[in-house]
Amino acid sequence: MITCLFRSCLAGVIMLLVSLATPAAVADLPCSTAKLIVPWPAGGDTDIIFRIIVDAANRAGAKPQLQVVSSAGQGGVKGSREVRGAKPDGCTLLALHESAFTSYLSGRADFTWDAFQPVALMTFSPSIIGANTATPFSDMKGLIAEAKKAPETLTAGVTLGSYPHFLFLLIEDATGVKFKYVPYDGTRERITALLAKNIQLGEINVITAKQYMSEGVIKALGIATEERDPLIPNLPTLKEQGINLIYGSNRGIVLPKGAKPEIVAHWEAVLTKAARDLPLKKSLEGQGTYVLFLGSADYTALLKKNYSEHEKAAMSIGMFKK
């Protein structure tokens, strides 16, 4: 199967939207501070990225001010369920990425993205396949050859039902190999296990790859983008190595279902201003992530499209049945 879920060439077009006028929206919200629930462990990539976004939103004059609240557990399902049950009054928001799809498609959750009201897409982070330094391969071709020799023995650290789990499932489907999965609750735990050689494989981001490659403590085997990333130009794409797979994490912000249009518009305006913040762009690039802004309507359309592509892939590998 050839899968192409994301196209990095969208970035340049979508960034044009940031230059559009901010919608005029003022909502009277019944709270002095609004909570952005981040349903993954504090200190992990997603937590750090959303704290940077919240700082930018507050600098841009968010009223009420936003505060990140970590509510990790069940691969993002615990915190997501909290927001799903919250009042749609604009005082509780949720950090969302592809795990909203994959947790549902893998049976970990009984709801997906459409249980919420999309507000804005904020960032994109491309996926990289990392390996510990004791592995006998240094690129994807070597990994696939080794995996074919010994099916279900190479260990991949994943958060079950998350987008890194899905990434490895898609590689399995594209190449015919099988991995042995070792569950972890978040990115930081997976990276720690990879460094300690408790697992052989794991999904990592650009900055993690660049840092650990230079230190010689993790191998980066390939990046799931259309073209090589300028921060690590020597790392070949999966496509160059015979695996036609483009994948990564789109991170956005949603509200509980039923939020009034003026509440959606209020937070969309705040996040539009935040997306223009130059320190935000610099800080995110320091995390191997790029500003990729879409407002509510376009973000809703993207979520619908990307969910459909994930569902199709999940059905093709036998993970999900309608």
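The values are calculated or read from the model by the stated rules, or taken from the named source; none is laboratory data. Since this is a predicted model, take the numbers as computed values, not measurements. Cβ: placed from backbone, ideal geometry, glycine included. Neighbour counts: every protein chain shown. Ligands, DNA and RNA are stripped out before the accessible areas are found, and what is left, the full protein with its side chains, is counted by its heavy atoms. Shrake-Rupley method; radii C 1.70, N 1.55, O 1.52, S 1.80 Å.
General observations
- Of the criteria (1) open to solvent by 40 Å² or more (accessible area, probe 1.4 Å); (2) out of contact with any strand residue (DSSP E or B) (no Cβ under 6 Å at 6 or more places or on another chain), which one Gly90 fails: (1)
- Test: residue in the stretch 158-179 that is without any contact (Cβ under 8 Å) to a residue 24 or more places away in the chain and either touching a helix residue (DSSP H, G or I) at 6+ places or on another chain (Cβ under 7 Å) or of a type outside the set (A, V, I, L, M) (or both): no
- If you check Val264, Val217 for being touching a Ser or Thr at 6+ places or on another chain (Cβ under 7 Å), under 23 Å from Ile191 (Cβ atoms) and open to solvent by less than 60 Å² (accessible area, probe 1.4 Å), only one passes: Val217.
- Some residue of the stretch 309-321 being part of a loop (DSSP other than H, G, I, E, B) and without any contact (Cβ under 8 Å) to a residue 60 or more places away in the chain: yes
- Every test in (1) surrounded by fewer than 21 Cβ atoms within 10 Å (Cβ to Cβ); (2) at pLDDT 95 or above is passed by Val54 save one, and that test is (1).
- Lone qualifier among Leu271, Leu302 - being more than 20 Å from Leu167 (Cα to Cα), surrounded by 14 or more Cβ atoms within 10 Å (Cβ to Cβ) and hydrophobic (A, V, I, L, M, F, W, C): Leu271
- Filter pass, Ser8 being surrounded by fewer than 20 Cβ atoms within 10 Å (Cβ to Cβ), among the hydroxyl-bearing types (Ser, Thr, Tyr), modelled with pLDDT under 90 and in contact with a Gly (Cβ under 9 Å, 6 or more places away or on another chain): yes
- Members of the stretch 201-258 that are among the charged types (D, E, K, R) and closer than 21 Å to Ser162 by Cβ: Glu203, Arg251
- Taking the stretch 189-214 as the range and being part of a helix (DSSP H, G or I) and over 19 Å from Pro230 (Cα atoms) as the test, the residues that pass are Glu189, Arg190, Ile191, Thr192, Ala193, Leu194, Leu195.
- Residue check for Ser125: buried (at least 20 other Cβ atoms within 10 Å of the Cβ) and among the small types (Gly, Ala, Ser): yes
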